[in-house]
Amino acid sequence: MPSDIRPQGLRDRKKRATHRALTEAALRLAAEHGAEHVTVEAISEAAGVSPRTFFNYFDNRDEAFVMVDADVAERVRRAVRDAPPGRPPLRAVADAYAAELPEQGPDHELWELRAEVLRRSPDLLARTLGVHQADEEALARTIAERLAATGCADPGTYPRLLAAVANTATRVAVEHWSAGGREQSLIRIFRDVMGQLAAGLPAPAVTTAPATSRAGS
């Protein structure tokens, strides 16, 4: 049995390493030259593989800019399924997303590069939102299954809403972090965003007197 398992593990690690090399090459080239000037051939050459190998991992060039880790969505769903039964759904989803956000290190750098590339390429950002749509729908089904397991027969729009809110919260946190909020970690910003949602999205506290309009003076 071990002889059957080990090659599969090695293949998986090699595939993940190649996927990461292609993603990193694409993002570095896009950050340096602009995504519109980067070709599949240039990405493949920088990653040390052939263009044919590139298309074993991505359907087109733009996909290489969109996802840093293709397995994130599945890990998020698995974490939601495996969360303790008594944990509120919002907390389970927030914890699952937070576990995928990078701290310092290579993953952190890739997320920074991706955020920079998307910020400079509105078309890619729009494409990213479209790619995440299917993941969002799959997460909604996972949330519905979790609720059904706790006795909730008809959750209505809650699973879809929660999945959409979590996806949006992640995007808002990343955009805030990449636009100059790096004095805080991405995870801390994300937790703050989810905390605001859990509290009912209260308005920020007023710290200065409101400006008097010229018409009312």
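Rolled with a 1.4 Å probe across the full set of protein chains, the surface gives residue 188 an accessible area near 150 Å². Estimated from the Cβ-Cβ distance and a Förster radius of 30 angstrom, the FRET efficiency linking residue 71 and residue 119 is about 0.75.
Leaving out ligands, DNA and RNA, what percent of the accessible area of region 102-203 is carbon and sulfur, probe 1.4 Å? Looking at region 102-203 in its full context, I get 55 percent from C and S.
Between 155, 113, 140, the Cα set farthest toward the positive side of the dipole of region 106-163 (charges on each charged residue's Cβ, about the Cα centre) is that of 155.
Mean residue ellipticity at 222 nm, helices only, the chain: -22500 deg cm²/dmol; runs of at least 4 DSSP H residues each add -39,500 (n - 2.57), and the sum is divided by the number of residues. The residues of the chain expose on average 60 square angstrom of accessible surface per residue, using a 1.4 Å probe on protein heavy atoms. Using a simple spin-label model with points 7 Å from Cα along the Cα→Cβ vector, what separation in nm is obtained for residue 33 and residue 184? Taking the simple label geometry, residue 33 and residue 184 are separated by 3.8 nm. Selection among 178, 51, 208 by position relative to the dipole of the chain gives 208 as farthest towards the positive end (Cβ unit charges, Cα centre). Over the C-alpha trace of the chain, radius of gyration and Dmax come out as 20.6, 83 angstrom.
Determine, for each peptide in 136-142, 84-90, the mean count of other beta carbons within 10 angstrom over its residues, then list the peptides with the highest first.
In decreasing order of mean packing, 136-142, 84-90 become 136-142, 84-90.
Each residue of region 167-178 was assigned a 3J(HN,Hα) from its phi angle through the Karplus curve 6.51 cos²θ - 1.76 cosθ + 1.60 (θ = phi - 60°); the sequence is 5, 5, 4, 5, 4, 4, 4, 5, 5, 5, 5, 6 Hz, with glycine and proline shown as x.
The values are calculated or read from the model by the stated rules, or taken from the named source; none is laboratory data. Here the structure is a predicted model, which means the values were calculated and not measured. All Cβ positions, glycine included, derive from the backbone under ideal geometry; neighbour counts span all protein chains shown. These accessible areas exclude ligands, DNA and RNA; they are computed on the full protein's heavy atoms, side chains included. Shrake-Rupley method; radii C 1.70, N 1.55, O 1.52, S 1.80 Å.
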